[in-house]
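Q: Structure incoming, see below.
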Ligand SMILES: [Fe+2]
């Protein structure tokens, strides 16, 4: 394993051994997938981000040391990655802190034209990870993970200004009250990215694990049309406290 650490991120290359990687790739080909918007618009993705595919969400508990799906123990497939993440448990705690005892595991397929806009992960999470499982990737295929080099508050998605509407505007709009949302102005995140303007891109190299600290805005650049039928296949999840 080769490790690289920077502002807000840790990258571990050659994370799985050859058999483990092939096992995950086999499992991923036979996993059940559905569009991320199959239950209505999932607001994690902008309307312009396209519609990647996702698997059900598995949970690994550090207390029971089991991977589960809907409370059923899973001993193969995604469990290969759980065991490997457990092997670096101490290192993960050193990097993210120790305020978590579980993590989620979800597969994602990003075909050409899909991505994920700038965001921070939910404040409930103590960190996130992405593992790249596709067998091959090329520099022209896009799909890079970009991470800004300065942390922001967990409410960075809010508007940087509060636009209060007058009584007259409220009456004209038919809306009873409330400020105009960030859709019409700059968010705190947008301003931070604009001010800093510097960060890191992480290439979706096969068999690479990326761990991200909370409050570092990040995005997935769209997979380029030059990727053709090649799909960006990842397993991603969050470190959190199990309820
Ligand atoms: Fe994220």
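Q: Could you run through region 10-28 and say how many residues are part of a strand (DSSP E or B) and touching a helix residue (DSSP H, G or I) at 6+ places or on another chain (Cβ under 9 Å)?
A: Residues in region 10-28 being part of a strand (DSSP E or B) and touching a helix residue (DSSP H, G or I) at 6+ places or on another chain (Cβ under 9 Å): 2 in total.
Q: Can you name every residue in region 94-118 that is within 13 Å of the ligand (Cβ to nearest atom) and outside any strand (DSSP E or B)?
A: Residue satisfying the conditions is 115 alone.
Q: For residue 157, are the conditions met, namely being closer than 28 Å to residue 195 by Cα, surrounded by 11 or more Cβ atoms within 10 Å (Cβ to Cβ) and within 16 Å of the ligand (Cβ to nearest atom)?
A: yes
Q: Here is a further query. Only one of 205, 222 is within 30 Å of residue 23 (Cβ to Cβ), modelled with pLDDT of 95 or more, away from the ligand (no atom under 16 Å from the Cβ) and touching a strand residue (DSSP E or B) at 6+ places or on another chain (Cβ under 7 Å). Can you tell me which?
A: Being within 30 Å of residue 23 (Cβ to Cβ), modelled with pLDDT of 95 or more, away from the ligand (no atom under 16 Å from the Cβ) and touching a strand residue (DSSP E or B) at 6+ places or on another chain (Cβ under 7 Å) holds for just one of 205, 222, which is 205.
Q: Considering (1) more than 16 Å from the ligand (Cβ to nearest atom); (2) more than 14 Å from the chain's Cα centre (by Cα); (3) not in a helix (DSSP H, G or I), say which one residue 91 fails and leave the rest.
A: Exception for residue 91: condition (3).
Q: If you go through region 78-88, how many residues are more than 19 Å from the chain's Cα centre (by Cα) and outside any helix (DSSP H, G or I)?
A: 1
Q: In addition: Looking at 113, 199, which is the one that is in contact with a strand residue (DSSP E or B) (Cβ under 6 Å, 6 or more places away or on another chain) and more than 23 Å from residue 241 (Cα to Cα)?
A: Only one candidate passes the filter, namely 199.
Q: Restricting attention to region 119-142, report how many residues are within 14 Å of the ligand (Cβ to nearest atom) and buried (at least 19 other Cβ atoms within 10 Å of the Cβ).
A: 9
The values are calculated or read from the model by the stated rules, or taken from the named source; none is laboratory data. Please read these numbers as outputs of a predicted model, since none were measured by experiment. With ideal geometry, Cβ positions are generated from the backbone for all residues, glycine too; neighbour counts draw on all protein chains shown.
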